[in-house]
Amino acid sequence: MKPATSYPRPAADIYANRERWAPLGHGKTVVVTGANSGLGFFASLGLAQAGAQVILACRNQSRAEHAMEQIRRRVPGARVEFMQYDSSRIESAMGLAAELRNRPLDALIANAGIIRAPRERQAGLLGYELTMSTNFIGHARLAGELADRFSQPMRFIGLGSMSTRMLATDPKNLALARDYHPYRAYVQSKAAVQAFTLALDHRLRQLELPARALAIHPGYALSGLSPQVLSINEPDYAKRLIGQLQAGFAQGKHEGAVALVEAALAPELDAAPRGCYLGPKFLTKGPTVLASPAKATRGKELQGKAWELFVKANEGLDPFAL
């Protein structure tokens, strides 16, 4: 797939895009999972600046409330609220979907997840390990529970990773029942998210549904290059130093979050090619552009395996069956 060229590039970070996004968020409701820190927090801040109603779907209520307080300090009148969600639990996905079922929903950003996978394999959902369960399976059930909302022009946004270009994914060993390594667990979970999101976007077209599924990645986004936010992003001297040493090929989370907000709000993406992918121009950093995802995540084998896991997460039901 060749990237589209008609997509106007946004500015470098969420603050510089305030004017660009200002007219786009009003009247929209966006759910951000894992919104109390990192990319999720900065994306929620950017969405609130744009005037959107932002639902912070988080595991820890006190941390979510602190995040909302920090957003309100920066955006007076921000419309933010908390909903409980633990992406490692099927019951939590069902509970969040029940809360959202009768609410407006314009975009769902599947951001919550584990970055630093456990050193040893830990059991998760459906016989898979914890990182796959948290990063993909919980969101897969949430998408399945909300399948009827895809008959409207909403957007499902799957958070992938540039790491999918750096380590091969084995579609036959997504559960990592053998050869477990924490980095492999992270990469394969993100590859599954990307593959599923790309496959879902094509399936929505086949079903002639108006919703979109957009895969994105934030580049190499570091807390040490991000603005300080009390109790949310407070990197110590060592992290700041590491950030400065890597600044030539890294960026801040307030820059990586641009792709998340763009995927939720940019009207141009309605006409973007199916299976499109947003990320930094220079892979690790740079302005957000439409790009091509890792070849494996575009392939039928991995997409098929990710789809099988989606169906399994929904107890054998395929709500998007042809």
query: Within the stretch 16-36, can you find the residues that are in a loop (DSSP other than H, G, I, E, B), open to solvent by less than 50 Å² (accessible area, probe 1.4 Å) and under 17 Å from R74 (Cα atoms)?
result: N17, A22, G25, A35, N36
- request: Could you tell me whether the stretch 61-71 includes any residue that is crowded, with 22+ Cβ neighbours inside 10 Å, of a type outside the set (S, T, Y) and under 16 Å from L108 (Cβ atoms)?
  value: no
Residue within the stretch 90-104 that is more than 23 Å from N314 (Cβ to Cβ), assigned to a helix (DSSP H, G or I), open to solvent by 10 Å² or more (accessible area, probe 1.4 Å) and acidic (D, E) present: no
- request: Answer yes if at least one residue in the stretch 74-92 is without any contact (Cβ under 8 Å) to a residue 12 or more places away in the chain, of a type in the set (S, T, Y) and over 25 Å from L265 (Cβ atoms), and no otherwise.
  value: no
message: Quick check on the stretch 113-133. Is at least one of its residues touching an Asp or Glu at 6+ places or on another chain (Cβ under 8 Å), in a loop (DSSP other than H, G, I, E, B) and either of a type in the set (S, T, Y) or open to solvent by 40 Å² or more (accessible area, probe 1.4 Å) (or both)?
response: yes
query: Within the stretch 267-285, restricting attention to residues that are open to solvent by 10 Å² or more (accessible area, probe 1.4 Å) and part of a helix (DSSP H, G or I), which residue is nearest to F41 (Cα to Cα)?
result: P267
field: Failed condition for D13, given (1) part of a loop (DSSP other than H, G, I, E, B); (2) of a type outside the set (S, T, N, Q); (3) open to solvent by 40 Å² or more (accessible area, probe 1.4 Å)
entry: (3)
message: open to solvent by 50 Å² or more (accessible area, probe 1.4 Å) and either at pLDDT 95 or above or among the hydroxyl-bearing types (S, T, Y) (or both): which single residue out of D170, D201 fits that description?
response: D170
task: Of the conditions (1) crowded, with 20+ Cβ neighbours inside 10 Å; (2) closer than 21 Å to A313 by Cβ, L56 clears all except one; give me its number.
output: (2)
message: Being modelled with pLDDT under 95, more than 26 Å from E234 (Cβ to Cβ) and among the charged types (D, E, K, R) is true for just one of R20, R101, R89. Which residue is that?
response: R101
message: Just checking, does the stretch 179-198 include any residue being closer than 24 Å to C276 by Cα, at pLDDT 95 or above and acidic (D, E)?
response: no
- line: Checked against (1) in a loop (DSSP other than H, G, I, E, B); (2) of a type in the set (S, T, Y); (3) open to solvent by 30 Å² or more (accessible area, probe 1.4 Å), Y183 satisfies every condition except (1)
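The values are calculated or read from the model by the stated rules, or taken from the named source; none is laboratory data. All values derive from a computational prediction rather than experimental measurement. Cβ: placed from backbone, ideal geometry, glycine included. Neighbour counts: every protein chain shown. Heavy atoms of the whole protein, side chains included, go into the accessibility calculation; ligands, DNA and RNA do not. Shrake-Rupley method; radii C 1.70, N 1.55, O 1.52, S 1.80 Å.
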